[in-house]
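Every number in this text was worked out from the coordinates using simple rules, so none of it is lab data. Keep in mind that this is a model prediction, so the values were computed, not measured. Cβ coordinates were reconstructed from backbone atoms using ideal geometry, including for glycine residues, and neighbour counts include every protein chain displayed.
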Amino acid sequence: MSFAFRILEDDVAYTGAELRSGWVGSKTGLAGDAAAGFVGACHVPNENLVDLDDARAGTFIKAASMAHVIAEHSCPLETAVLRQRMMVALLGEILSQRGKRMRRDGDDLYYDGRKLTVSIAAPSSSTCLIHLGINLDPQGAPVPAVGLTEMRLDAREILSELLTRYGRELETVAHATTKVKTVS
């Protein structure tokens, strides 16, 4: 499997409208399965939420600053959800290796009982998309939250390591499917 990513230099605000087919390619020039990592404010109003439970509950997503990943894959939704959870688990490993003990609950990470991430996997008409937002400055969040700034961690460094490890996992999964024989 071929996977590529780019970390954008400029700040990009995330409103939820960016979670659409072709956005990664338009921002990075990458085609196929790819991801963009970027930093920017986050304000996803209720009408832009793709999580139907959250939308019905009238919630929203907001933080003064987040590190974001948008990944686009040609795969079924269930595979995208599994990849989303793998990405979150990898982030938990990276942060734990830096002395920040994380608790993962599904597709969310918590530090000292406060929420660090938001995440969703969603289908489009032609691909599936994953958004992972990692708080930097959680000011404005509707729940008790923590950010990488408080943890004294560099956002773009974390994004680069996360997407490097994620790409490596995708490659090794693809390889693992080629080295087994059919069983009865």
Query - Among the residues listed as 156, 152, the single one being surrounded by 12 or more Cβ atoms within 10 Å (Cβ to Cβ) and of a type in the set (Lys, Arg) - result: 156
Query - Residue ID - surrounded by the fewest Cβ atoms within 10 Å (Cβ to Cβ), chosen from residues in region 91-148 that are in contact with a Pro (Cβ under 9 Å, 6 or more places away or on another chain), touching a residue at least 60 places away in the same chain (Cβ under 8 Å) and in a strand (DSSP E or B) - result: 145
Query raised in the report: Only one of (1) in contact with a Ser or Thr (Cβ under 7 Å, 6 or more places away or on another chain); (2) farther than 20 Å from residue 77 by Cα is not met by residue 124, so which one is it?
Result: (2)
Report task. Determine whether residue 65 is closer than 23 Å to residue 149 by Cα, among the polar types (S, T, N, Q), in contact (Cβ under 8 Å) with a residue 12 or more places away in the chain and outside any helix (DSSP H, G or I). Result -> yes
Requested in this report: Go through region 39-54 and count every residue that is under 14 Å from residue 15 (Cα atoms) and either in a strand (DSSP E or B) or free of Cβ contacts under 8 Å to residues at least 24 places away in the same chain (or both).
Outcome: 8
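Within region 25-32, identify whether any single residue is within 22 Å of residue 136 (Cβ to Cβ) and either of a type outside the set (Phe, Trp, Tyr) or in a helix (DSSP H, G or I) (or both), and answer yes or no.
Narrowing region 25-32 to residues within 22 Å of residue 136 (Cβ to Cβ): 27-28.
Now narrow it down to the ones that are either of a type outside the set (Phe, Trp, Tyr) or in a helix (DSSP H, G or I) (or both): 27-28.
Looking for residues that are within 22 Å of residue 136 (Cβ to Cβ) and either of a type outside the set (Phe, Trp, Tyr) or in a helix (DSSP H, G or I) (or both), one finds at least one in region 25-32, hence yes.
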